[in-house]
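The values are calculated or read from the model by the stated rules, or taken from the named source; none is laboratory data. Keep in mind the model is a prediction, meaning the values are calculated, not measured. Note: ideal-geometry Cβ built from the backbone for every residue, glycine included; neighbour counts use all protein chains shown. For accessibility, only protein heavy atoms count, side chains too; no ligands or nucleic acids. Shrake-Rupley method; radii C 1.70, N 1.55, O 1.52, S 1.80 Å.
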Amino acid sequence: MADLLTLQLVKAKNLREDKVTTVMEKARESGMTVDHALVEAGLLGEADMLKFFAQELTLPYEESLEKYKSPARFVEKVSVNFARNYNLIGLEEVGGQMRVATCRPLDLYPMDELAAMLRQPVEPVLVPRVEISALINKAYAQKSDLNEEVEKELEEEGMLEDDVEFDESTNILDVASAAPIIKLVNTILAQALRMRASDIHIQPFEHKLQVRFRVDGVLYDIMTPNKKLQDAITARIKVMSKMDIAERRLPQDGRATIKMGDNEVDLRVSSVPTNFGERVVIRLLDKSGKTYNLEDIGFLPENLQVFKQYLTYSNGILLLTGPTGSGKTTTLYAGVTAINKSDLNIMTIEDPIEYHMAGASQIEVNEKKGLTFARGLRSLVRQDPDVIMVGEIRDLETAQIAIQSALTGHLVFSTLHTNDAPSTVTRLVDLGVEPFLVSSSVLCVVAQRLVRRICPECKHAYAPDLAELHGFDLTPADLQQGHLWKGKGCPACFNTGYTGRTGIHEVLPITETIKQQIVDKVPSGEIKRVAVKEGGLRTLRMDGVQKAIMGQTTLEEVATITQRDTF
């Protein structure tokens, strides 16, 4: 066999016979398989080796696994530890057989073990190792035993023994620097980024520690590390974010920057003491995340046209409003990016800087050192800006400076926390800004929420019943061919039926009628009623329903995010 293989390698790959023979002998002495030995010796690259053995053993070869999703049966029956150790992942079930990707064609032991685990025949498919690793990560994205390999190391080091306790005498810095703890925290962070999570919650309970990820605005239970690791995990995160690891009785805030592959990710860390230990929440901000174009935000064409119209103005205020996490800052960036040209001096003051914008000067708020929004904005105005972006108007002083900037020839972008667009102008008046200043400076207000998109992989049409439509003042005639859409749930969307989010908007131009209402201190409800009846304002609910009709989201999601219109 070895001699025949040597001849085939010499003939097919133009290798020197003496070198191949030497590798064969070393492989035989060390117990290494020939395929591995050829790559280790540098005689063949991995791809060439796999293609050679695929031809010799008449096995299929796949260069990419992008089109595959590992069957649920494989993920359920095979531990992530086994899959990673032997670089094996199920591709699909065909005729009672499980097709399994491997990068070790001559290593038969794992395949035999796999057949026993699955209780079915397996058919090897030769695939490069990097592709297998990527599919393993994707397949086990939601599996709770993701950290089992780390816990095994911790057990070997005695950190999970029954008598292990972390108390005041324990040098927690030593524990936090233990390699397995570092690996466990890194695993949690990497997993969160793979799942597109915006936040990581590490929540202690009486008898367990729960790790949860917020994905597309919804919290999911991901893993339950051993309760004994609670203090060690918390301490490791505190070390990373330069917090006081000895202080466990007071809330703390910290920050860190980590690298994941080619991406830099900012971590904003918050810890608070609870009755069962410290609860930690980590906000993930991908610095290399793309800044969106306005067309990607989710504006309907008519709303986009109105918003773009005000971007051409040389002075005035454009306000975005909505709760925390509704994508206001992303929309602000998209608006500023749309007018970002070399002949404009664009300056921003933010808390924190979420995206880096080419051509703009960005300032980050640092309240500990006295750099507040108001103080930074006052200095920023002296820098001769054309366009100013203020991350948030939080108080009267910031509001007054922003309005004065708008009245003295600057285009100002900012955000506020209100429920809808009309209540934004009354909120400014409530802060103490004179109504005539609000009416003369504010150009347009956009209220925004984020709704989950239907997963494209499992999206299907259905005929809604009349009761469902009646709750949204719809009839079957309002729908496209009498159908709506929803997701069945699949591995790609973690069986939720949704993948990603899009915006729904309420765009309120400040017309002459509304300016007069502001000066007259008319309630926000009346401003909204007149804007809908006379100005054609499309409310958040109306915008969401339209996106459900278009098949982007579901009525159920719209009902969760918006309130029913009453006017």
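Points to keep in mind about this one:
- Checking Cβ-Cβ separations below 4.7 Å across the chain identifies 103, 444 as cysteines lacking any candidate disulfide partner.
- The equivalent ellipsoid of the range 450-567 has semi-axes of 33, 16, 10 Å, largest first, where each one is the square root of 5 times an eigenvalue of the Cα gyration tensor.
- Cut-off 11 Å between beta-carbons: net charge of the residues surrounding residue 281, Lys and Arg +1, Asp and Glu -1: +2
- Accessible area in the full protein assembly, largest first, 1.4 Å probe, for 68, 220, 313: 313, 220, 68
- Modelled label reach - residue 120, point 7 Å along Cα→Cβ, the range 43-86 residues with backbone N closer than 16 Å: 69-79
- Of the trypsin sites (Lys or Arg not before Pro) in the range 454-501, the ones in a loop by DSSP (not H, G, I, E or B) with at most 14 other beta carbons within 10 Å are 488.
- Here the range 206-280 yields Rg over Rh of 0.98, to two decimals, using C-alpha coordinates and the Kirkwood radius.
- Per-pair calculated FRET efficiency, R0 = 51 Å: residue 17 and residue 206 via Cβ, rounded to 0.05: 0.15
- Too-long pairs where the Cα-Cα distance tops 30 Å, listed order kept, from 208/238; 51/138; 259/369; 69/328: 69/328
- Percent carbon-and-sulfur accessible area, the chain, ignoring ligands, DNA and RNA, probe 1.4 Å: 47
- FRET efficiency for the residue 84 to residue 48 pair, using the beta carbon distance and R₀ = 25 Å, is estimated at 0.55.
- Within the chain, helix-based [θ] at 222 nm, where runs of 4 or more DSSP H residues each add -39,500 (n - 2.57), nearest 500: -11500 deg cm²/dmol
- Spacing of the modelled spin labels on residue 550 and residue 112, each 7 Å from Cα toward Cβ, amounts to 5.9 nm.
- Tensor-based shape of the range 362-402 (alpha-carbon gyration tensor, a/c under 1.5 rounded, otherwise prolate or oblate): oblate
- Spin-label model distance (nm) - residue 274 vs residue 33, 7 Å beyond Cα toward Cβ: 4.6
- Charge dipole of the chain (Cα centre as origin; +1 on each Lys and Arg Cβ, -1 on each Asp and Glu Cβ, all else neutral): 1300 debye, rounded to the nearest 20.
- Pairs exceeding a 29 Å alpha-carbon distance, out of 308/533; 308/515; 228/368; 488/533: 228/368; 488/533.
- Net length gained if the chain between residue 77 and residue 345 were fully extended (0.36 nm per residue, minus Cα distance): 90.6 nm
- Over the Cα atoms of the range 24-98, the radius of gyration divided by the Kirkwood radius equals 1.03; this is the Rg/Rh ratio.
- Neighbours of residue 460 by Cβ distance under 10 Å: Lys/Arg scored +1, Asp/Glu scored -1, total +3.
- Amide N proximity, the range 485-523 versus residue 309 label position 7 Å along Cα-to-Cβ, cut-off under 18 Å: 505-516
- Distance between the modelled labels on residue 66 and residue 129, one decimal in nanometres: 2.3 nm (7 Å Cα→Cβ projection).
- Computed over the Cα atoms of the chain, the ratio of the radius of gyration to the Kirkwood radius (Rg/Rh) comes to 1.06.
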